[in-house]
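This report refers to the structure that appears directly beneath it.
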Amino acid sequence: MRYSQAFIPTLREVPSEAQIPSHQLMLRSGMIRQVAAGVYSFLPLGYRVVKKVITILQEEMDRIGGQEFHLPALNPIEIWEATDRVAAMGDVLFRLENRRNLVLAPTHEEIITYHARQHIKSYKELPQIWYQIQTKFRNEPRPRSGVLRGRQFLMKDSYSLDATWEGLDQSYQKHYEAYHRIFSRAGLRFFVVGASSGAMGGSASQEFMVESPHGEDTCALCDHCGYAANLEVATSALPPVPRLDPSPPLELFPTPHAKTINDLIEQFGVPEERCAKSVVYIVNSQPVLILMRGNDELNEEKLAAALQTTQFRPAEPEEIADIFGAAPGSIGPINVPDSVRILADTLLRETNGLISGANKDGYHYKNIDLVRDVGTIEYFDLRTVREHEPCPQCQQPLRIVRAIEIGHIFKLGTKYSEALGATILLEDGSEQPIIMGSYGIGVERIIACYIEQNHDDKGIIWNPALTPYDLLLIGINVHKDSAVRDIAEKLYEQLQQANFSVLFDDRAVSAGIKFNDADLLGFPLQLIVGPRTLKEQTVEIKIRRSGERLHVPLDAAISTVQEWYHKLSEAET
RNA sequence: CGGGGCGUAGCGUAGUCCGGUUAGCGCGCCUGCUUUGGGAGCAGGAGGUCGCAGGUUCGAAUCCUGCCGCCCCGACCA
């Protein structure tokens with residue numbers, strides 16, 4: 001491609017709406033343009049990168065036996081009602097005003113299961129891995145960070161269909177390995193975390209993460225043993241609050257000015273871990289009292305997993321007063337109405353000597369014994385792990401980092417096959433729902449994360465795997481100097497014949513502009529031909545990543561490019 | 001949805017508080033001449049419903065009301 005004829009609208013200045021490097025550089029390099037909040041056009045240069053990512057995805061999915069589909073974005077709403085996901089997705093599901101029986105698909109479990117039900121009748125036809133790379137629509141409440149969270153985005157989604165749970169484990173493992181290869185080939189530094197399966201009812205789930213301050217997820221990492229978990233499921237080896245022996249007697253005491261755990265600690269000098277913080281949630285319109293150690297933070301994802309529902313919210317102060325007869329600062333587990341379910345974090349399991357509100361304004365109890373003084377308590381891991389807590393595997397301090405989710409693998413089970421009646425007959429003649437897995441990769445996120453990890457103050461630094469063109473041939477003064485032009489044209493021909501995709505900067509602009517655009521666009525290699533090199537019968541090869549410049553004789557140009565390209569490609573794997 | 005910010009030419013912005021000639025500047029764009037290895041110089045030129053609608057006023061980018069859009073933080077995100 002000749003640059004003079006290419007549509008590559010680069011920007012010298014940073015558009016004000018772009019806050020993070022990948023967004024800024026994708027705009028500045030002419031890869032994307034915004035059309036609406038969370039909606040972007042890919043311009044030719046950006047789309048070349050998309051196609052390269054898609055090729056990697058297809059190759060690796062095909063390698064594990066995946067078969068590519070192209071499913072419709074328009075879905076009948078009935079099928080979404082059948083799995084109860086119209087309600088579950090809520091406002092995130094796009095609906096159509098002038099065709100109300102259709103919705104825009106945010107994911108494709110339903111359609112896949114629909115086709116499985118149509119045609120898969122026997123265990124003999126399984127396993128299957130079905131995938132597609134397609135546009136998803138999600139009415140995100142707040143799109144952000146360029147293409148990192150959009151209302152319309154590309155996703156590689158795949159689904160495994162198995163007759164047995166062991167089969168599901170194998171399909172899941174194949175995806176795990178394929179995902180490793182995909183992200184490695186894309187040149188990403190990433191890690192895998194255990195994740196919540198949430199209210200979807202699946203059994204196991206892992207997320208592929210890229211560490212970034214711009215990420216929307218938070219993970220606990222152990223650099224020592226490799227433990228990694230999303231904070232929604234992360235645990236630590238923090239010891240539980242030990243029992244006192246003998247158990248001291250329950251005692252009511254006035255605390256007129258203590259509304260928070262910190263007040264209690266300051267005013268009465270009590271140890272933080274002996275305080276039991278009481279929080280109240282309304283779960284399916286029933287009150288639930290939750291006891292947390294000291295100032296530990298309740299994790300709502302863990303609560304959702306414990307309660308097996310996401311239909312809950314913190315209680316309002318008025319509701320708390322109605323139920324407990326006291327303000328939020330004075331409630332506790334003693335004298336709780338029978339209708340209130342009591343949960344406690346596992347750190348408090350069957351312990352004693354605790355201080356908590358007395359359900360009487362201005363009073364607390366001390367020496368509460370959860371076994372002696374409180375009715376039925378259900379214990380769950382509910383607390384949010386904090387920085388520096390000991391790793392649950394090796395006791396070394398945990399690190400808490402922000403991360404961007406680029407892939408998610410998920411053992412679904414039979415939720416969708418049951419809801420939609422996708423069943424098979426087994427060898428013994430019995431009928432059973434197909435056992436499914438679902439696996440997703442965000443295409444734009446791979447690109448944005450790559451740029452987040454591979455840029456400098458001048459621009460993007462592409463590797464051979466994702467670069468929109470293999471290399472940039474820069475002709476200095478080609479429009480004025482016919483000797484340079486002849487050489488440049490010849491190299492342009494030869495490079496293409498050697499199977500390189502080449503962008504040939506033949507524009508009639510100054511050298512400085514060409515060099516700056518070259519660094520901004522970030523192709524792995526720049527081949528520079530100008531009057532200066534011509535005098536010595538050489539060309540200059542600049543390696544974008546290192547900034548290294550080689551001067552090679554004209555007749556060695558192609559072979560040197562091939563060598564270096566090979567070297568750069570090797571370095572990736 | 002809560003909080004904050006913003007909307008003036010393709011991009012970046014000044015002007016808005018305190019209403020008043022023709023809305024200014026840099027980059028980019030067009031023409032000519034000169035220049036030519038890290039975003040050239042000179043000269044000339046094109047390009048604006050000041051987000052939209054209504055209101056106040058002799059007069060509105062500027063004041064008032066409503067709406068729309070975009071960004072950031074939070075909530076949310078199988």
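Okay, here's what the table says:
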| read-out | value |
| --- | --- |
| Spin-label zone in the stretch A:323-343 - amide nitrogen under 16 Å from a point set 7 Å from the Cα of A:Gln286 along the C-beta vector | A:337-343 |
| Cα-based equivalent ellipsoid, chain A: semi-axes from gyration tensor eigenvalues, Å | 56, 31, 21 |
| Charge dipole (the stretch A:43-130, unit charges on Cβ, about Cα centre) - positive-most of A:Gln128, A:Val50, A:Leu104 | A:Val50 |
| Extension gain (nm, one decimal) between A:Glu13 and A:Ser430, 0.36 nm per residue minus Cα-Cα | 143.5 nm |
| Computed over the stretch A:119-176, the ratio Rg/Rh where both radii use C-alpha atoms and Rh is Kirkwood | 1.17 |
| Fraction in percent of alpha-carbon pairs per bin - 5 Å, the stretch A:251-380 | 2, 11, 23, 25, 22, 12, 4, 1 |
| Near-label residues of the stretch A:488-507 by backbone N, under 11 Å of a point 7 Å along Cα→Cβ of A:Leu554 | A:488-491 |
| Principal-axis tilt of helix A:443-453 within chain A, Cα atoms, nearest 10 degrees | 80 degrees |
| Across A:Lys124/A:Lys415; A:Lys51/A:Lys480; A:Lys51/A:Lys124; A:Lys51/A:Lys415, pairs whose alpha-carbon gap is larger than 25 Å | A:Lys51/A:Lys480; A:Lys51/A:Lys124; A:Lys51/A:Lys415 |
| Solitary cysteines of chain A, where the nearest other Cys Cβ is not under 4.7 Å | A:Cys219, A:Cys275, A:Cys449 |
| A:Ala321/A:Ile400 FRET efficiency (R0 30 Å; Cβ-Cβ; nearest 0.05) | 0.25 |
| Rounded FRET efficiency, nearest 0.05, which uses the C-beta distance separating A:Arg545 from A:Asp223 and R0 of 45 Å | 0.95 |
| Kirkwood hydrodynamic radius (C-alpha pairs) into Stokes-Einstein, the stretch A:112-222, 25 °C and 0.890 mPa s, D in µm²/s | 148 µm²/s |
| Violating pairs (Cα-Cα greater than 22 angstrom) within the set A:Lys490/A:Lys542; A:Lys277/A:Lys366; A:Lys458/A:Lys514; A:Lys458/A:Lys490 | A:Lys458/A:Lys490 |
| Long-range HN-HN contacts of A:Arg349 with modeled amide H, under 5 Å | A:Val241 |
| Shape of the stretch A:32-116, Cα gyration tensor, a/c cut at 1.5 | oblate |
| Degrees between helix A:482-497 axis and first principal axis of chain A (Cα, 0 to 90, nearest 10) | 60 degrees |
| Sites A:Thr346 and A:Gln58, calculated FRET efficiency, Cβ-Cβ separation with R0 45 Å, nearest 0.05 | 0.50 |
| Extension gain, A:Ala483 back to A:Lys567 (0.36 nm per residue minus Cα-Cα distance, nm) | 27.1 nm |
| Peptide ranges A:83-92, A:344-353, A:433-442 listed from the most packed, as the mean C-beta count within 10 angstrom indicates | A:433-442, A:344-353, A:83-92 |
| Potential extension, A:Asp381-A:Arg99 segment - 0.36 nm per residue separation minus Cα distance | 97.0 nm |
| Cβ crowding within 10 Å averaged over residues, with A:416-423, A:156-163, A:51-58 ranked highest first | A:156-163, A:416-423, A:51-58 |
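Taken together, the values in this text are just the output of simple stated rules run on the coordinates, not laboratory data. Owing to the predicted nature of the structure, the values given are computational and were not obtained by experimental measurement. A quick note on method: Cβ atoms are made from the backbone with ideal geometry, for glycine too, and the neighbour counts reach across all protein chains shown.
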